[in-house]
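*Asks:* My questions will all concern the structure given below.
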Amino acid sequence: GYSTPIIIDVAGKPQLITPASNAVVSLDPHTGKILWWIKSGGHSPAMRSLYANGLVYASSGAGKELIPIKPDGKGDVTASHIAWRTKKGIGHKPTPVLVDDLIYVVSDEGSLVCIDAKTGEQVWGQRLSQAKAAYSASPLYADGVIYFFAEDGTATVIQPGREFKIVAQ
């Protein structure tokens, strides 16, 4: 895959999390030994994983699915450690942003979805622009707002929360 791995701490032990073709894999960063994995059904993941609420939020890649995984298993945990799954509004390239237990993810085509990070329920969904702008850049959370940058140079700034509110464009 094309995703940057992350290192997390689970019960005092580090894990290197990396999405791969058709899988998300946890490795011992000291030895390279595989700790656990799930079958994701996608390929070429570019979205970086997130870690919060005791879950790894990973991408299936071109399958455009967000998959939260409990990172305390061993071996193939596909059937036992996936908290929920969603394809609603999930893109291939931009990494989601997690703010106050809400995940904000923009698709490559500019659809923005807000997801409850604990339940996987969609809170709201909106298009970021009327034009068919493409999105490759990951959103940025700073100074209490979230910035979304399109490939055409336009930007949309929103207020995080359970209601969609544009601050600036």
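*Asks:* Go through the stretch 77-94 and give me each residue that's open to solvent by 20 Å² or more (accessible area, probe 1.4 Å) and either in contact with a Phe, Trp or Tyr (Cβ under 6 Å, 6 or more places away or on another chain) or among the polar types (S, T, N, Q) (or both).
*Replies:* Thr78, Ser80, listed by residue number.
*Asks:* Could you give every pair whose Cβ atoms fall below 9 Å, whose first residue belongs to the stretch 51-65 and is under 17 Å from Lys39 (Cβ atoms) and in a strand (DSSP E or B), and whose second residue is open to solvent by 40 Å² or more (accessible area, probe 1.4 Å) and of a type in the set (Gly, Ala, Ser), counting only separations of at least 6 or pairs across chains?
*Replies:* Here the result reads Ser59/Gly1, each pair linking the stretch 51-65 to a residue that is open to solvent by 40 Å² or more (accessible area, probe 1.4 Å) and of a type in the set (Gly, Ala, Ser).
*Asks:* Among the residues of the stretch 1-41, which ones are open to solvent by 30 Å² or more (accessible area, probe 1.4 Å), within 21 Å of Asn53 (Cα to Cα) and of a type in the set (Phe, Trp, Tyr)?
*Replies:* Trp37
*Asks:* Is there any pair linking a residue in the stretch 1-19 that is at pLDDT 95 or above to one that is surrounded by fewer than 12 Cβ atoms within 10 Å (Cβ to Cβ) and not in a strand (DSSP E or B), with Cβ under 9 Å and at least six apart or on different chains, and which?
*Replies:* Pro14/His30; Leu16/Gly32
*Asks:* Continuing with the same structure: Could you list, in sequence order, all residues of the stretch 101-117 that are at pLDDT 95 or above, in a loop (DSSP other than H, G, I, E, B) and not small (Gly, Ala, Ser)?
*Replies:* Selection gives Asp101 alone.
*Asks:* Whether any residue in the stretch 136-151 is open to solvent by 30 Å² or more (accessible area, probe 1.4 Å), over 24 Å from Gly42 (Cα atoms) and touching a residue at least 40 places away in the same chain (Cβ under 8 Å) is what I want to check.
*Replies:* Yes, the stretch 136-151 has at least one match.
*Asks:* Could I ask something else about it? Just a yes or no: is a residue in the stretch 42-60 in contact with a helix residue (DSSP H, G or I) (Cβ under 8 Å, 6 or more places away or on another chain), open to solvent by less than 70 Å² (accessible area, probe 1.4 Å) and more than 17 Å from Val105 (Cα to Cα)?
*Replies:* The answer is yes; a qualifying residue exists.
The values are calculated or read from the model by the stated rules, or taken from the named source; none is laboratory data. All values reported here derive from a predicted model rather than from experimental measurement. Backbone-built Cβ (ideal geometry, glycine too); neighbour counts: all protein chains shown. Only protein heavy atoms, including side chains, enter the accessible area calculation; ligands, DNA and RNA are left aside. Shrake-Rupley method; radii C 1.70, N 1.55, O 1.52, S 1.80 Å.
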